[in-house]
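To keep things clear, I will list the structure first and then write my remarks on it.
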Amino acid sequence: MNLTRTEAAARARIIANPRYRIELDLRGDGPRFTSRTTVTFDAREAGASSFIDLIAPAVTSLRLNGRPLDPAQVFAEDRVRLDGLEAANVLVVEAECAYSRTGEGLHRFTDPVDQQTYLYTQFEPADARRVFAVFEQPDLKGVFEFVVTAPPGWTVVSNQPIAEVSPAPDAVRPAPSPPPGPPAAPAAPDAAGPAPSPAPDPAPGQGDPASGGPGDGIVHRFEPTPKLSSYLTALIAGPYRRWQTEVASTGGRSVPMGLYARASMAEHVDAEAIFEITRQGFGFYEPAFDCPFPFAKYDQVFCPEYNFGAMENAGLVTIAESYVFRSRPVVAQLERRAITILHELAHMWFGDLVTMRWWNDLWLNESFAEFASHLAAARATEWKDAWTTFAHSEKTWAYKQDQLPTTHPILAPIENLDDVHNNFDGITYAKGASVLRQLVAWVGEDAFLAGLRAYFAKHAWSNTELNDLLVELEAASGRDLAAWSEAWLKTAGVNTVALDAKAEFLVQSGLAQQPPWRPQRLGIGGYSLVDGVPTRFWDTEVDLTGERTALPKLRPADLLLVNDGDLAYAKVRLDPRSLAAAQASVPQAADPLARAVIWGVLWDMTRDGEMGARSFVDRALAGVGRETSSTGRRQLLAEVATALESYVAPEFRAAAQAGAADRLWELADAAPPASDAQLQLVKAFARQAGTPAQLDILDELILGSRSLSGLTMDVDLTWELLEALVAGGRAGEARIDQQLAADPTLSGREQAARLRAALPTPEAKAAAWLRAVEDPAVPNATQRAVIAGWGRAKDASLLAPFVEPYFAALPRVWRERSPEIASAIAEGLYPARAGDLPGADVLGATDRFLERLGDGPAALRRLVVEGRAGLERALAAERADRAAGAPASLGG
């Protein structure tokens, strides 16, 4: 059932002070588990009616204030109707709930390596109701006590520390329990605290398998939580391996820290590195926020088949297992993991301690954590160039999202839960974080942090709205933020900022609304070319307060870099002289953030059809070998791939890809042995390789008859290179089977599924299509792998037969599959690659589908509209590339 904001507000006027005791029995290997929820709550209106949320195949018993309710009469559309409420109420709900294989609710995974079962929860925005009965909305914060019966030997972890472990009784179902009492304050750990552990516990689990007593399981009762929104509760259960340490908190408290992963991945977990970045986050956030860590412990768990990067469950953060590196990662991946860890840690204060009242402030929750994580990384960790990473990745994502026809204001109207799913996007995360960075520049960092401290002190354990934060920032800074908020949060789109011809004004343009400008602060740098190297010899910062902002007289420079320092959120266009200097010298610029801004300008111009795609590829290949930022290198190579595969005119594409691959191999061969650049360039070469000679190189690397000094052909790199051979028609099922036999893990199975979908035959594409679209038994992560492989096709005509089947299947897929699975199909299988084939009228087919869809699901419409917009942009870029004339030199 799609909860609306109006319904949530009405329920919040009636329901108050919920306290939950949640008893789950996780024994057995069937598709269901038993759930018993005892919730006490107050009703502000005696005799009123309301409802509680529950998604369950069966409700076996309902009792409200001692009287039985008939599930057939009161349970429908994922809600239990509650009539005749009293001032104080006790509701007991017993249900059979379903395990998930789509990453929502309580996900169950069986490891193919050792056949062990692992469970974890994912509840945001409203999937706690898949596990227990709950008033599922952020502003009905409650106290939660979990009691979990699990098989002997399992580790069971929740938001709070374990209060008691005991053998299960003979009965499979847990016995009735009294209503929960008031929450206990978080207990301080023993003075000594747990000792750091460089290796995982050899025997995981709070219960000794031998202590099961007469029953067949162990009961784990956890301490009650402080007041939390339901989506922040969490649980993991299974034979997880565990690492333990502690972190010093302000006030002399030691906070226990744990780290968890499944047994077959334990050898790959670099626990000390993860603990260290977490300690650094504690050391930055606690003094910056003037607020001690608010929970009793801090655990992080790596989860297989996870839909997102991570989730900020209070005291128990869940993280995608892809952040456990089986093989050598590129440095950019290590940095991304560090920022993700810091992002979720920031949420413990902003999001968990203080929580949004309703989902319209989701942007603020995520944007703050995104901003704070980069600030913490730059100030407190080895990742001092985190703002360069932000410019390359988050800003690029934000600009792309903000130029789609589906863009929306940061402060978007969220009328129901479907709107929440619709707005987990680049506006909510990346643009919001960019705007917060601009706000910090606007009010000053000291004032911003002072406002935050007052905000946390005033609103701890409660729910807030945006204005609650703005009030504190205004008080701390003395600035009126009403106009700022109106311009930045309630309008959509991205400005373009450029110097006028005489360098006397900065001009803002590009927004549809009036006025077409926003107040913001940006830098301008003056660079001279000294022996071809751009060197900054002056800089200034300017407040933009109108469509045209007068500048102080700028000294002449070879390159006037607008938005130097990347404070502003705006597309930038350079004057002709500066553009020529930037194109000629960007690889030599010493400042990585200046390089990021310039590369951003060139990529914007390519996407907008102002620069031919082959020209961009040529300049990027000439510069990527000099790039020192791992994320910058990774982003630049990704943009080269997009340009070659989508923006180069079709008649030039094969030659451009072959030339680019040759250049990438030359760069990889010349890169320092064992360097990050070498590894990234080999991966990029494999992506573009297609000629017989290029495929020979890949085959020889895999077989060991060719080598690069310092390059290790580990398991994941082998899969990556083998995929190129498969997509190029050089390798088939036999080679895939051989590699899977050598790597029979979850990752190996997903890679094999991806490679089979990449086979360049009509039969393989048809089989992959059926598996991705029609098979409900395929887990979420495997489905994503199949979709990625299906789209890997040198010959786009292999995908042309699926244009009409795609549009025919979408309505049924949207009705029958989970939101994550349906969204992956709608987005990942959109037939953009067939859009430039003669006779394949993908744009027309899209328009006809959208007309038939009418007022159908808004989230589905959005994904299809965005697919269409991406195709339309690609076709325009192809026309620009065609108009540019003869192929470029491709980095020679």
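The values are calculated or read from the model by the stated rules, or taken from the named source; none is laboratory data. Every value quoted in this text rests on a predicted model; they were computed, and no experiment measured them. Cβ: placed from backbone, ideal geometry, glycine included. Neighbour counts: every protein chain shown. When the accessible area is computed, the model is the full protein with side chains, heavy atoms only, and any ligands, DNA or RNA have been set aside. Shrake-Rupley method; radii C 1.70, N 1.55, O 1.52, S 1.80 Å.
Might you tell me the accessible area per residue for region 73-125, computed with a 1.4 Å probe and given in Å²? Display every interim value, and only then the final one.
Working: 1840 Å² over 53 residues.
Accessible area per residue: 35 Å².
For LYS384, list the lysines whose Cα falls under 21 Å from its own Cα; do not include residues on the same chain fewer than 8 positions away.
Hits, sequence-local ones excluded: LYS395.
Could you tell me what percent of the accessible area of the chain is made up of carbon and sulfur, with a 1.4 Å probe and every protein chain present? All intermediate terms of the calculation are to be shown ahead of the outcome.
Details: 16900 of 31980 Å².
The value for the chain is 53 percent carbon and sulfur by accessible area.
Tell me the per residue accessible area of region 258-375 using a 1.4 Å probe; a whole number in Å² is fine.
Numbers: 2350 Å² over 118 residues.
I get 20 Å² per residue for this part.
Region 218-259 to region 363-421: how many Å between their Cα centroids?
Spelled out, the Cα-based centre of one part sits 28 Å from the other.
As an exercise, use a Förster radius of 60 Å and the Cβ-Cβ distance of ASP468 and SER709 to find the FRET efficiency, rounded to the nearest 0.05.
After rounding to 0.05, the efficiency reads 0.55.
At 222 nm, what helix-only mean residue ellipticity would the chain give, in deg cm²/dmol to the nearest 500, using -39500 (n - 2.57) for each DSSP H run of four or more? Intermediate results must be reported in sequence, preceding the final value.
Details: 28 runs with 354 residues, N = 892.
For the chain, the value works out to -12500 deg cm²/dmol.
Using the Cα gyration tensor of region 567-713, with a ≥ b ≥ c the square roots of its eigenvalues, what is the shape: rounded (a/c below 1.5), prolate (a/b larger than b/c) or oblate (neither)? Before the final figure, lay out each step's value.
Details: a/c = 2.65, a/b = 1.53, b/c = 1.73.
Oblate.
Which entries in the list LYS571/LYS794; LYS502/LYS553; LYS141/LYS431 go over 21 Å, if you measure between the two C-alpha atoms of each?
Working: LYS571/LYS794 33 Å; LYS502/LYS553 10 Å; LYS141/LYS431 29 Å.
Cα-Cα > 21 Å for LYS571/LYS794; LYS141/LYS431; rest within.
Assign one of three labels to region 1-80, namely rounded, prolate or oblate, based on the Cα gyration tensor with a ≥ b ≥ c the square roots of its eigenvalues; rounded applies when a/c is under 1.5, prolate when it is not and a/b is larger than b/c, and oblate otherwise.
On the way: a/c = 1.83, a/b = 1.62, b/c = 1.14.
Verdict is prolate for region 1-80.
Which loop chymotrypsin sites (Phe, Trp or Tyr not before Pro) in region 4-104, with loop taken from DSSP, have no more than 15 other Cβ atoms within 10 angstrom of their Cβ?
Numbers: sites: TYR20, PHE33, PHE41, PHE51, PHE75, TYR99; in loops: TYR99.
When the chymotrypsin sites (Phe, Trp or Tyr not before Pro) of region 4-104 are filtered for loop state and at most 15 Cβ neighbours within 10 Å, nothing remains.
Hey, if you put +1 on the Cβ of every Lys and Arg and -1 on every Asp and Glu Cβ in the chain, which of GLN583, LEU364, VAL157 ends up farthest toward the positive end of that dipole?
GLN583
Rounded to the nearest 20 debye, what is the charge dipole size of region 264-351 about its Cα centre when +1 sits on each Lys and Arg Cβ and -1 on each Asp and Glu Cβ?
Numbers: 6 positive and 12 negative charges, 31 e Å.
So the dipole magnitude of region 264-351 works out to roughly 140 debye.
When we measure straight from the Cα of LYS297, which aspartates and glutamates land under 19 angstrom away, once same-chain ones fewer than 8 places off are left out?
Cross-link targets: GLU145, GLU164, ASP190, ASP201, GLU223, GLU246, GLU272, GLU276, GLU286, GLU312, GLU344, ASP352.
Using alpha carbon centroids, what distance separates region 117-170 and region 451-476, in Å?
So the two Cα centres are separated by 31 Å.
With the cut-off at 1.5 for a/c, could you classify region 734-880 from its C-alpha gyration tensor as rounded, prolate or oblate? It would help to have the intermediate numbers written out before the result.
Details: a/c = 2.29, a/b = 1.42, b/c = 1.61.
Because a/c hits 1.5 or more and a/b fails to exceed b/c, region 734-880 counts as oblate.
Within the chain, what percent of beta bridges assigned by DSSP are antiparallel, to the nearest 5?
Details: 90 of 113 bridges.
Percent antiparallel among DSSP bridges in the chain is about 80.
Kindly rank 638-648, 322-332 from highest to lowest mean number of other beta carbons found within 10 Å of each residue. Intermediate results must be reported in sequence, preceding the final value.
On the way: 638-648: 22.3, 322-332: 17.7.
Peptide ranking by packing, descending: 638-648, 322-332.
Round to a whole angstrom and tell me the spacing of the C-alpha centers of region 735-776 and region 12-66.
42 Å
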